[in-house]
Each structure stands twice: as C-alpha cells, then as structure tokens.
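Readers should treat all values here as calculations from the given coordinates under stated rules, not as data from a laboratory. The structure displayed is predicted, hence computed values, not measured ones. Backbone-built Cβ (ideal geometry, glycine too); neighbour counts: all protein chains shown.
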Amino acid sequence: MSAVEIFEVGPRDGLQNEARDIPASEKIALVDCLSRAGFRRIEVASFVSPKWVPQMASSAEVLAGITRAPGVSYAALTPNLRGFEDARAARADEVAIFGSASEGFSRANINATIAESLERFDPVMEAAKAAQIPVRGYVSCVTDCPYDGPVAPGQVAFVAERLFAMGCYEVSLGDTIGQGTPETVAAMLAAVTQSVPAERLAGHFHDTAGRALSNIDVSLEAGLRVFDAAVGGLGGCPYAPGAAGNVATEAVHDHLTALGHETGLDRAVLSEAAQMARAMR
Ligand code: HMG
Ligand code: MG
C-alpha cells in the first residue's frame, strides 16, 4: 500500500464562503475534531482583508483557541506581508501564498495581475524564510477560469514553476471552479511536471461537476501523492461564481482506500467531523 496524504482545508476553504457569520467557537470545535482524525496538515485560517472575506476575520481567534495536536501543522493563507505578520503573530505553523494561472481570476481574487502578485509574494517569502516558516503555494484556475475560460497548461506551468523557484515547499494546483476533466487535468499535469517534480505538487479539486475523484485518479497516475479536501464537502470561493465545495475528505479517503492507498486517517472521526461541518452550513 502506498501512502497518499489528504491535506484538510475545510476550516478555511470550506468555511470561507459560508454566508452565516460562524462563531469562532464552532470553528475551533471543528478543528479540534479534525486534529483527532490523523491529518498532518490542516488549513484553519486566512489572513486576508476582512472586507474581501468577512468569514475569515476570526482567524487569529481560531488559531488561539484550538488545542494543537503534536505533529500537526496548522496552516493559514497569507496574500501579502501584512497577512504573513498576522499569521506569524497568531502562531500559524505554515502559511500559503495564492496566485492564479489566469489574469481574470487573479484580478477578481487578489486585485493584482499575475506579475504583480508574484512581486507581492517576494517579501512574504523573505519574511517566512527569516522566521523559518514553511510556505506552500497555490495556483488557481489550473484548467478553467470563471472569467477567461480555458487556461493553457503552459501558463499553469509558468506560475507553478515561479512559486516553486521562490521557495514554496509544495505547490497545490487548484481546479477552482471544478470544470477540469481527466483530459484537461492530465494535459495540465504533463506541462507542470516538466518544471516542478510531481512529489512537490498537490491536487486541489472542487467538485462542481462531480469529476473530482476522476481528476484525482489521473493525478495519481501523474505521480501526485497529496490531495486537498474539505470535510463534509464544504465550501467554494467567493470570487469564483458557481464554484462548489472542495471534494469531500471522507469521499477522497474512501476512494483512496478502495484503490489500496493508506491515508492514515481515522474514518470514524472523519464521519464525526463531516457531520459537524455539514451542521455548520
Ligand atoms: P486590495 O484592496 O488591493 O489591497 O486587496 P489594499 O492593500 O489596497 O488593502 C485594502 C484594504 O484591506 C485596506 O484596508 C488594507 O488595510 C486591508 P482599508 O484601508 O480599506 O481599511 N488589508 C488587509 N487586512 C487584513 N489582512 C490583510 C490585508 N491586506 C490588506 N492581509 C488583498 C488585496 C489581497 C488584500 C485582497 O484582494 C484580499 O484580501 N483578497 C483575498 C481573497 C480571498 O481570500 N479569496 C479566497 C481565498 S483563495 C481560494 O479560495 C482559492 C484556493 O482555495 C485554491 C483554488 O481553489 O483555486 C486557495
Ligand atoms: Mg479552493
């Protein structure tokens, strides 16, 4: 059996899009449950502008309130230096910068061109290096963009290579609106793995069209061994109209297990967390 890791993003990607103002205590309870499930990494916070994503305004409170399990890395999104400093003050174990392979989504999501965003990430990388905080990179819209349509694989490879070259320890490839097909995902991965080794890549599939598990299959064939997922299938992106939630963690776990992979997760605890997550909607 080969190991495949699920990177849990529910408390961040899952909850960021919920309209109800979810109290920090509920988020903390969800994270504490997830901490018992056996994840090595859980994304719990996002230090972005509260005007852009009000739901994430309680990120510092969440990081302060959780019971940290030994060996678990609690992650936060950081779009700029200010976000990084806030994440560091809140004791995030790792942070993530997030860019896009398409100009339309880059503008809508972080109010910058791709080139501007890469420049903005430089000081974050520098500060993180000085503080010895690992940085993960995200590339959104790796096959399709809600504003620009189909995205060229070479463009994804360009942004992924830049994030990797600037020091991201792993680059997560986001099918932000869940429109990727096994064919477009395979073509994209063929291009990206030319510049970033498969063992430094993660797949981040939203399940809008119900193809996330098939897209995970082609990613496994391309050598990827890390997949982002949100417990209970929560979420979406406020700046990607029509995007549904991330593929559900429990579905990915069951799929990988049936294929003979080992996730190291406790299925009973996952079910408990999924029930909790669904009740938060
Ligand atoms: P901007 O308006 O260009 O930036 O936003 P600005 O520097 O002019 O700042 C505007 C205001 O935000 C100012 O406040 C700043 O102080 C404040 P004001 O003077 O108006 O009162 N501000 C901040 N506040 C708190 N924390 C910060 C911060 N930075 C500035 N870090 C900015 C640029 C990047 C800030 C904005 O566009 C933003 O916050 N965007 C985040 C959008 C977002 O979080 N999207 C969802 C996450 S990405 C995602 O879900 C995709 C992913 O899952 C992968 C996939 O599925 O593809 C990762
Ligand atoms: Mg996402």
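Let's see if you can work this out: charge +1 on each Lys and Arg Cβ, -1 on each Asp and Glu Cβ, no other charges. What is the dipole magnitude of segment 5-279 about its Cα centre, in debye to the nearest 20?
Here the size comes out at about 480 debye.
Roughly how many debye, to the nearest 20, is the charge dipole of segment 36-88 about its Cα centre, given +1 on each Lys and Arg Cβ, -1 on each Asp and Glu Cβ, and no other charges?
In debye, rounded to 20, segment 36-88 gives about 180.
Whose amide H sits under 5 Å from the amide H of Thr143, counting only residues 5 or more places off or on another chain, with H placed in the peptide plane?
Thr176
Going toward the positive end of the dipole of segment 5-279, with +1 on Lys and Arg Cβ and -1 on Asp and Glu Cβ, which of Ala127, Gly71, Ser271 do you reach last?
Positive-most Cα among the choices belongs to Ala127.
Where is the GNM fluctuation largest for the chain (alpha-carbon springs, 10 angstrom cutoff): Gly260, Gly137, Gly233?
Gly260
Could you work out how far apart the two model spin labels at Ser2 and Glu262 are, taking each label as a point 7 Å from the Cα in the direction of the beta carbon, and quote it in nm?
1.4
When the chain is treated as a GNM, springs tying every alpha-carbon pair under 10 Å, which of Ser219, Ser49, Ser102 comes out with the largest mean-square fluctuation?
Of Ser219, Ser49, Ser102, the Gaussian network model singles out Ser49 as fluctuating most.
Looking only at Ala112, Ala76, Ala209, which one moves most when the chain is put into a Gaussian network model with springs between Cα atoms under 10 Å?
Among Ala112, Ala76, Ala209, the largest mean-square fluctuation in the Gaussian network model of the chain belongs to Ala209.
Measure out, as a whole number of angstrom, how far apart the alpha-carbon centroids of segment 201-235 and segment 100-161 sit.
19
Putting +1 on Lys and Arg Cβ atoms and -1 on Asp and Glu Cβ atoms, find which of Ser102, Val31, Ala258 reaches farthest to the positive end of the dipole of the chain.
Val31
Counting alpha carbon pairs within less than 8 Å and at least 6 residues apart, what relative contact order, in whole percent, applies to the chain?
23
Name the long-range amide H neighbours of Glu170: under 5 Å, sequence gap of 5 or more, or other chain; modelled H, no Pro or chain starts.
When sequence neighbours closer than 5 places are left aside, the close amide H contacts are Gly137.
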